[in-house]
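The values are calculated or read from the model by the stated rules, or taken from the named source; none is laboratory data. Please read these numbers as outputs of a predicted model, since none were measured by experiment. Don't worry about glycine lacking a Cβ; one is built from the backbone with ideal geometry, like all the others, and counts go over all protein chains shown.
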Amino acid sequence: MQNNTQQTAVPAGYKKDARGHLVPLELIKPIDLARDDIVRELISAARTLQGNLASFKKTAFADANAFVSMSAEHYNAKVGGNKGNVTLASFDGQYKIQIAKAENVTFDERLQAAKELVDECINEWSAGSDPKIQMLVQQAFETDKEGNINTGRVLALRRLNIEDGKWQQAMTAISESVQVIGTKTYIRFYERVEDSDQYVAISLDMASV
């Protein structure tokens, strides 16, 4: 589908307002012009910073992966595909870089069968069931505003030590409903806290710096 939206040139002496109307500069208040200037100036700087971060991310992955491959060659081993779950540390241990893979997990239709079995268990146990377990179950199958289920909460149910046969059947259904729909690789940077064994992340998130 072709995008028909085109940027039309704004003639000299005018500015376009939020509704797309051309407004002569002399009719715009000085404070509104000043606000427009500062917003555009900061947005331009933000776009430059975004581009620098994207370039750094690409370079960091390439350099780290190249080193992992080079290290493997010392043992006549070849590392294929995307490298993941690797930690590289500086010689003095002051800094470390972690490359980690995270799987994007979802559930297929068998999760509904698991939920039905879990609900039956809770109903059968009724007053004899632990209120904490009831709350965990309820929270596990709650959806967010987008209708998505928290995979971590659902999978956490499998760690509950419940011997009930129907419950075990439900946990099997949960395990078999798991579908990996993709993986994402992350690179993170850490610095050691003085002489301790604790590390803090070098944040590249503007909200954290």
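Listed values, structure above:
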item	result
Test: residue in region 174-184 that is touching a helix residue (DSSP H, G or I) at 6+ places or on another chain (Cβ under 9 Å), polar (S, T, N, Q) and under 30 Å from Phe61 (Cα atoms)	no
Filtered residues of region 1-45 (kept if at pLDDT 95 or above and under 35 Å from the mean Cα position of the chain (by Cα))	Arg35, Asp36, Asp37, Ile38, Val39, Arg40, Glu41, Leu42, Ile43, Ser44, Ala45
Failed item, numbered, when Glu103 is tested on (1) at pLDDT 80 or above; (2) surrounded by 11 or more Cβ atoms within 10 Å (Cβ to Cβ); (3) of a type in the set (D, E, K, R)	(1)
Failed condition for Met135, given (1) exposed (fewer than 15 other Cβ atoms within 10 Å of the Cβ); (2) touching a Lys or Arg at 6+ places or on another chain (Cβ under 7 Å)	(2)
In region 109-151, residue nearest to Lys166 (Cα to Cα) [restricted to those that are under 27 Å from the mean Cα position of the chain (by Cα) and hydroxyl-bearing (Ser, Thr, Tyr)]	Thr151
Some residue of region 78-96 being within 23 Å of Thr59 (Cα to Cα), hydrophobic (A, V, I, L, M, F, W, C), exposed (fewer than 12 other Cβ atoms within 10 Å of the Cβ) and modelled with pLDDT of 80 or more	yes
Any hit, region 129-148, residues being in the same structural domain as Phe91 (by TED's automatic domain parsing), at pLDDT 85 or above and acidic (Asp, Glu)	no
Hey, Thr183 closer than 28 Å to Ser203 by Cα and in contact with an Asp or Glu (Cβ under 7 Å, 6 or more places away or on another chain) or not	yes
Count - residues of region 162-209 that are farther than 30 Å from Asp119 by Cα, surrounded by 13 or more Cβ atoms within 10 Å (Cβ to Cβ) and aromatic (Phe, Trp, Tyr)	3
Failed item, numbered, when Val200 is tested on (1) under 16 Å from the mean Cα position of the chain (by Cα); (2) among the β-branched types (Val, Ile, Thr); (3) more than 30 Å from Phe107 (Cβ to Cβ)	(1)
